[in-house]
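Beneath this line is the structure, given in structure tokens, with notes to follow.
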Amino acid sequence: MKPTTGSRALVVFSGGQDSTTCLYWARERFEHVEALSFIYGQRHKNEVEVARELAREAGVEWHCMELPFIPSLSQGCSLTDPSMSIEAEKDPEAECPTTFVPGRNLFFLSIAAVYASQRGIYDLVTGVGQTDFSGYPDCRDAFVKSLNVTLNLALSEQFRIHTPLMWLDKAQTWALAEQLGVYNIIRYKTLTCYNGIVGDGCGHCPACQLRRRGLEQFLKRDFE
């Protein structure tokens, strides 16, 4: 697909499997692509350096912002509280997994919209999806559509939030990476692991388990 002349997009970019796939998806559709990463007290904070390197390799302008207030708003979250076990994905009595960071995508997309508007960018890309996810409420299509309307009203602009992975399961996300010609980059250079291990990760945390299941399904389909 040939990018539209003059088109510009900002990708909310963690350096993980999903956002990196979205980064290359955006490169095929927009003439100018930038990436914005966040430091928010995450235990796998080395994802930011991974994101920087991936953006450099992709030839994409990279930016980073610190959001130091998030840990104070996410008590009981194993991603921002290093004293908690990351393996405990979900409390049986809780509605969300312990890895859910309350408001994270709300903050990320809202800040990205303000940041992008200052740069004359009105297309935002995020790797959230509700087909094959960890039960986070702010990954749902209804949330993204609602926030898109809110941002347009709040900033008096016409933003378009793109969610290329919204209706894809993890196996289909791997297939998209292959279609984009970046399977090896996604497989070996991204950081999805909550314990901060690049590539296939630790193999034990919830993010690694979800990624691994999708990869195995993709490889099985590809073989068949």
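The values are calculated or read from the model by the stated rules, or taken from the named source; none is laboratory data. Quick caveat, the model's predicted, so the values are computed rather than measured. Neighbour counts are summed over all protein chains in view; Cβ atoms, including those assigned to glycine, are modelled from backbone coordinates with ideal geometry. All accessible areas refer to the heavy atoms of the entire protein, side chains included, with ligands and DNA or RNA removed. Shrake-Rupley method; radii C 1.70, N 1.55, O 1.52, S 1.80 Å.
Observations on the model:
- Scanning residues 5 or more positions from CYS64 or on other chains, those with amide H under 5 Å from its amide H are SER37, with H placed 1.01 Å from N in the peptide plane.
- Over the chain: helical MRE at 222 nm, DSSP H runs n ≥ 4 each giving -39500 (n - 2.57), nearest 500: -12500 deg cm²/dmol
- Of all accessible heavy-atom area on the chain, the percent that carbon and sulfur account for (1.4 Å): 52 percent
- FRET efficiency estimate (nearest 0.05) - Cβ-Cβ, THR5 to GLN75, R0 41 angstrom: 0.30
- Linear extension gain, ASP200 paired with MET84, 0.36 nm per residue minus alpha-carbon span: 39.5 nm
- Hydrodynamic radius of the chain by the Kirkwood approach over all distinct alpha-carbon pairs: 17.7 Å.
- Among PRO82, PRO71, PRO164, the largest mean-square fluctuation in a Gaussian network model of the chain, built with springs joining Cα atoms closer than 10 Å, belongs to PRO82.
- Candidates ALA26, ALA177, ALA142: whichever shows maximal mean-square fluctuation once the chain is modelled as a Gaussian network with Cα springs under 10 Å: ALA142
- Across all directions, the average projected area of the convex hull around the alpha carbons of the range 28-146 is 8.6 nm².
- Calculated diffusion of the range 92-193, Stokes-Einstein form, Kirkwood radius summed over Cα pairs, 37 °C and 0.692 mPa s, µm²/s: 217 µm²/s
- Cβ-Cβ distance of THR131 and ILE111, R₀ of 22 Å, FRET efficiency by 1/(1 + (r/R0)^6): the value works out to about 0.30.
- Proximity of backbone amide H atoms, modeled 1.01 Å from N, is registered between GLY16 and LEU191 at under 5 Å, excluding neighbours fewer than 5 places apart on the same chain.
- Å² of accessible area per residue within the chain, as computed with a 1.4 Å probe and no ligands counted: 48 Å²
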